[in-house]
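Here's a structure for you.
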Amino acid sequence: MRRVYLDNAATTPLLPEVREAMMPFLGEVFGNPSSLHSWGDPAREAVETARVQVAGLIGAQVEEIIFTGSGTESNNFAIKGLAMANQKKGNHIIISAVEHFSVLHSARTLEKLGFQVSEVPVDKYGTVDPDDVRRRIRKDTILVSVMHANGEIGTIEPIKEIAKITKEMNIPLHTDAVATAGTIPVNVKELGVDALSLAGNQFYGPKGVGALWVRRGVRIMPLLDGGIQEGGKRAGTENVPAIVGLGKAAELATANMDARIKLLTALRDRLITQLPAKIDHVVITGHPQKRLPGHASFCIEFIEGESMLMWLNMQGVAVSSGSACTSRALKASHVLIASGLSHELAQGSLLFTFGIDSTVEDVDYILEVLPPIVTRLRQMSPLYAKFEKAGKGVR
Amino acid sequence: MPVYSQKVMDHFMNPRNVGEIENPDGIGEEGNPVCGDMMTFYIKVKDNRLEDVKFQTFGCGAAIAVSSMVSEMAKGRTLEEALKITPQSVANELEGLPKNKFHCSNLGAQALHKAIEDYLEKQKKGVQA
Ligand code: FES
């Protein structure tokens, strides 16, 4: 059976070159980077090389890169660490309604500790209006965090415009760039942000490693206390092989970005234009143009995501869904609901995320196998039956 | 993908008794308050027995399997027997459901019971009139 992996937003595969680069550090080069002997030296050098590579990916100063254990850790670190370090100036933070749970739930935790959190709404494309950020800024606002792009609907947020406002007001701006760093050009100076999160498994690096970039001069409180690794900002013996892999993946992403974007955009556009031609009552979620290159997301009306996922899986296709039934908490994706979709429509969410191994044949395979699945499930859907009788959709 | 039993997969892939009954004797519709899904059961009753049972489901794989199983368990039974079908008995017949999918089996049993109640209600009114 054909196997088609279109869930690169969950994780990308590891590139062979990246694995090669990591191998020595899973073997003979096992030293602790903090050790002052010839076992420690090559490990330390490798970590510092990776730091240069990651800094290069986002146009940052090398010493501003802090390695972490994941994108989630980077976001926790940014939200909690920046808020805590600036507590004397105020206790109000602003986030968008479509942030990843690692930002959203970090903000919830801060709320329990006495901070106040304002959520900026989004429009039907999931886009934040910079003026909505401006309107929520108060005297005691100490942090704004808006993601660079949304991994569920692909929408790219107007970070530059938001940065103009936060800079004017002298408030630190963090952006969760997990979905963009290594995928589209990300330059911290051009964006104008003060802190930025990224993760290795989003651009063909290993899982369990990420980085937080914090502009020099911006104060942040460590989450992990201990030794003086990462400039004292993130204690704990470094995961050397993963960091080396992240560095190598960053280097390859920098070198191949244009070619990758071209490939992914073509595949995305093929699916986005052709799927609605094959299946009635399909809604594209996220922004039609300002979206991630390999990201095609839809809601298929009258049916539910998990049952589509199960059928697709049996046909060898891996995708994901933001439906309530597919989430462990049995809640519809907050991103879809914040974008104004009804719960019923959100149930039909399907998300295809292409990777550099994807092909035109993969898209055509989807166009071949998905329509019969949809027909089959609609035939047993009470909503579809009602629609057929009444002649109107669930929107 | 949740780990579903062979039985669940079988009913998911080949659901029995899908569809609508024309002029049914009872209809039961149940929404899932947890995730917003929906099941509708249609019944045909003859001599106090469920002569025919059909369903429509908007929901996850477990929900589809549950409704199919409920329809199979109910068909041919007396109303009293059918009212004894519980979420637990459905889950048992399906060789178990993942913990976070157990609520989908409530949906099936309740929709069927509602269809039977709808029938009984109509009977009462019919007798009175
Ligand atoms: S119907 Fe939603 S989880 Fe089963």
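The values are calculated or read from the model by the stated rules, or taken from the named source; none is laboratory data. All values reported here derive from a predicted model rather than from experimental measurement. All Cβ positions, even for glycine, are placed from backbone atoms using ideal geometry, and neighbour counts span all protein chains on display. Just the protein is used for accessible areas: all its heavy atoms, side chains included, with ligands, DNA and RNA removed. Shrake-Rupley method; radii C 1.70, N 1.55, O 1.52, S 1.80 Å.
With a cut-off of 8 Å between alpha carbons and a minimum separation of six or more residues, what is the relative contact order of chain A in percent?
Relative CO of chain A lands at 21 percent.
Using a 1.4 angstrom probe, figure out how much accessible area the stretch B:6-120 has per residue, in square angstrom, rounded to the nearest whole.
Per-residue value: 41 Å².
Here's another thing I want to ask about it. Sorted by mean Cβ packing within 10 Å, highest first, what order do the peptides A:111-121, A:184-194 take?
A:184-194, A:111-121
Can you tell me the orientation of helix A:40-58 relative to chain A, as the angle in degrees between its alpha-carbon axis and the longest Cα principal axis, to the nearest 10?
The helix A:40-58 is inclined about 50 degrees to chain A.
Of the heavy-atom accessible surface of chain A (probe 1.4 angstrom), what whole percent is carbon and sulfur?
After summing per-atom areas, the C and S share lands at 53 percent.
Which whole-number value in Å³ per residue fits the convex hull of the alpha carbons of the protein assembly as shown?
173
Let me have the 222 nm mean residue ellipticity of chain A computed from DSSP H runs of 4+ only, each contributing -39500 (n - 2.57), with the sum over all residues rounded to the nearest 500.
Helices in chain A give a 222 nm mean residue ellipticity of -13000 deg cm²/dmol.
What angle, in degrees between 0 and 90 and rounded to the nearest 10, separates the Cα long axis of helix A:240-278 from the longest principal axis of the Cα atoms of chain A?
20
Same structure, new question: Measure nothing fancy, just the Cα-based angle from helix A:71-85's long axis to the longest principal axis of chain A, in degrees from 0 to 90, nearest 10.
Long axis of A:71-85 versus the principal axis of chain A: about 60 degrees.
In addition: Under 4.7 Å Cβ to Cβ, no partner at all: give me those cysteines from chain B, in residue order.
Unpaired cysteines in chain B: B:Cys35, B:Cys104.
When the gyration tensor of the stretch A:213-348 is built from Cα positions, what are the square roots of 5 times its three eigenvalues, in whole Å, from largest to smallest?
37, 22, 16
Next question, about the same structure. Helix by helix, which DSSP H runs in chain B go 15 Å or more along their axis at the Cα atoms and have an average Kyte-Doolittle hydropathy of 1.0 or more?
Qualifying helices: B:61-74.
Tell me which residues come under 5 Å, amide H to amide H, from A:Val120 once H is placed; ignore anything under 5 positions away on its chain.
A:Ile95, A:Ser96, A:Ala97
Could you pull out the trypsin sites (Lys or Arg not before Pro) across the stretch A:1-59 that fall in loop regions by DSSP (anything but H, G, I, E, B) with no more than 15 other Cβ atoms inside 10 Å?
Here the trypsin sites (Lys or Arg not before Pro) that fit, given the DSSP loop and packing criteria, are A:Arg2, A:Arg3.
For the stretch B:6-120, calculate the relative contact order in percent as a whole number, restricting contacts to Cα pairs under 8 Å that are 6 or more residues apart.
32
Could you tell me which of the pairs A:Lys164/A:Lys290; A:Lys89/A:Lys167; A:Lys124/A:Lys160; A:Lys139/A:Lys164 are separated by over 23 angstrom between their Cα atoms in the structure shown?
none
Can you tell me how much longer the chain between A:Glu17 and A:Ala266 gets when fully stretched, taken as 0.36 nm per residue apart minus their C-alpha distance, in nm with one decimal?
So the chain would gain 87.1 nm between A:Glu17 and A:Ala266.
Give the long-range amide H neighbours of B:Val45: residues separated by 5 or more places, or on another chain, with amide H under 5 Å away, using H modelled in the peptide plane at 1.01 Å from N.
B:Asp25, B:Glu51
A further question on this structure: What list of ³J(HN,Hα) couplings, whole Hz, do you get for the stretch A:302-319 from phi and the Karplus terms 6.51, -1.76, 1.60, once you set θ to phi - 60° and write x for glycine and proline?
Along the stretch A:302-319, the couplings run 6, 10, 10, x, 4, 5, 5, 4, 5, 5, 4, 4, 5, 8, x, 9, 10, 9 Hz.
If you take each beta carbon of peptide A:299-308 and count the beta carbons of other chains within 10 angstrom, what is the mean?
The mean count of partner-chain Cβ atoms within 10 Å per residue comes to 4.
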